[in-house]
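To start, the structure under review is shown below, and the notes come after it.
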Amino acid sequence: MPRAAHGEDTGAAPRPEPVREPIREPVPEPVHEPAAGSGPGPAMDPVGDPVRDPWRAPMRYALAEADLAALAGDVPVGAVVLAPDGSVLATGHNEREATGDPTAHAEVLALRRAAAATGEWRLTGCTLVVTLEPCVMCAGALVQARVERVVFGAFDEKAGATGSLWDLVRDRRLNHRPEVIHGVLEAECSAQLTAFFRTR
């Protein structure tokens, strides 16, 4: 049979277009930060923690405050008081050596400055973020200031009063008990203290 001329209708059904599979791009594997103590380099806290992750940024602010204490020869502890809307209300770092004041702990100074900024001794709805677990004095001050929440990095097994030696802030006999969140950037907070005392 002679071949049909170009464009001539031969009456035959048109051939269906071949089915082309869609191009699938490879899905990259999710990247995870190494868990604390694993792999080379400094230990890092795990990510993906809905309780601690929101406090990582203010804890870094507190770590920067702690650096200021170390520069003056004080133990590097830094604190930040956050207003109810999350904005920074006041900051503080250890100043015992600088001022000769035994009560000049980071938490106490930050609370004093926050109270001065608000004009109220009750810091209702506020959060204190500090690099080291508060001692008895500071834990008492936190209760008296009526802060809503205490967030700290490293535990203080020798003098901690927020879960280590004592748990003063959550004593059921008190009329105010703030929420406590611990272990935020714990590895970095601990490393900062270790580096300071290693040179002493």
Is the C-alpha gyration tensor of region 53-200 telling us rounded, prolate or oblate? Criteria: a/c under 1.5 is rounded; beyond that, a/b larger than b/c is prolate, otherwise oblate. rounded
Subtract the Cα-Cα distance of residue 64 and residue 158 from 0.36 nm times their separation in residues, and report this length gain in nm to one decimal. 31.5 nm
Figure the gain on full extension for residue 199 and residue 101 (residue separation times 0.36 nm, minus the Cα-Cα span) and round it to one decimal in nm. 33.0 nm
Taking only protein heavy atoms into account and a 1.4 Å probe, give the accessible area per residue of region 54-187 in Å². 45 Å²
About the Cα centre of region 54-187, how large is the charge dipole given +1 on each Lys and Arg Cβ and -1 on each Asp and Glu Cβ? Please answer in debye to the nearest 20. 440 debye
Charge-dipole axis of region 54-187 as Lys and Arg at +1 and Asp and Glu at -1 on Cβ define it, positive-most pick from 155, 123, 165: 123
I need the shape label for region 127-194. Rule: rounded when a/c is under 1.5, else prolate if a/b > b/c, else oblate, with a, b, c from the alpha carbon gyration tensor. prolate
At 1.4 Å probe size, with the rest of the protein present, what percent of the exposed accessible area of region 54-187 is carbon and sulfur atoms? 52 percent
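The values are calculated or read from the model by the stated rules, or taken from the named source; none is laboratory data. Model, not experiment: these values are computed from the prediction. When we count neighbours, we look across all protein chains shown, and the Cβ atoms used for this are built from the backbone with ideal geometry, even at glycine. Accessible surface areas use protein heavy atoms only, side chains included; no ligands, DNA or RNA. Shrake-Rupley method; radii C 1.70, N 1.55, O 1.52, S 1.80 Å.
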